[in-house]
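Each reported figure results from applying straightforward, stated rules to the coordinates on display, with no laboratory input. None of the values given here were measured: they were computed from a predicted structure. All Cβ positions, even for glycine, are placed from backbone atoms using ideal geometry, and neighbour counts span all protein chains on display.
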């Protein structure tokens, strides 16, 4: 079972691109994506711990890989906040897929961290689902963070729904 290694960094890049180039993005599927609203939902000393040990630390199998790229979440979150203010996402078909099973975190976290993280994650998923009018949130009831592995059919269905909405000229997923 993989530990918490967010593939959702791409979601920040995709949302930033969609805000900067609205004519080049017809719809979005956010798969358990991290969002800039998570920082204030964690204890002040927990954000740096979470960022360092769970988000940007290399998994053990890649510890010797010197070219592993990381992301500066603080800078990326600041860019997202600025982009949302300057040019919020236009109305387009969006599906937000959200996990239910708790994250598997590496050692070194306080015992009460996991429930706080799960609540914070639910909150940011709700925030993502409200970024664009008509966006839909789908709860992946049998999935952890890796919905694409746990319930790939759910991801495929979300993509197909967004494509269908775009082809039908809708600005929301039916």
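Structure data summary
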{"read-out": "The range 3-118: relative contact order in percent, alpha carbon pairs under 8 Å with at least 6 residues between", "value": "45 percent"}
{"read-out": "Rounded to 10°, Cα long-axis angle of helix 73-86 versus longest principal axis of the chain", "value": "20 degrees"}
{"read-out": "Average Cα contact separation per residue, the range 58-174, under 8 Å, 6 or more apart, as relative contact order %", "value": "33 percent"}
{"read-out": "Using alpha-carbon coordinates, inclination of helix 152-167 to the longest axis of the chain, degrees", "value": "30 degrees"}
{"read-out": "Using alpha carbons only: equivalent-ellipsoid semi-axes of the range 1-148, gyration tensor based, whole Å", "value": "25, 18, 15"}
{"read-out": "Residues residue 49 and residue 160, FRET efficiency given R0 of 25 Å [Cβ-Cβ distance, rounded to 0.05]", "value": "0.05"}
{"read-out": "Distance from the range 20-65 to the range 115-135 (C-alpha centre basis), Å", "value": "14 Å"}
{"read-out": "Along each principal axis, Cα extent of the range 116-174, largest first, Å", "value": "40, 25, 12"}
{"read-out": "Neighbour-count ranking [beta-carbon atoms within 10 angstrom, fewest first] of 92, 68", "value": "68, 92"}
{"read-out": "Full-stretch length increase - residue 171, residue 75 - with 0.36 nm per residue and alpha-carbon distance subtracted", "value": "31.5 nm"}
{"read-out": "Stretch gain in nm, segment residue 141-residue 20, where the contour uses 0.36 nm per residue and the Cα spacing is subtracted", "value": "40.2 nm"}
{"read-out": "Cα-based radius of gyration of the range 20-71 once divided by 2.2 N^0.38 Å, which approximates compact folds", "value": "1.55"}
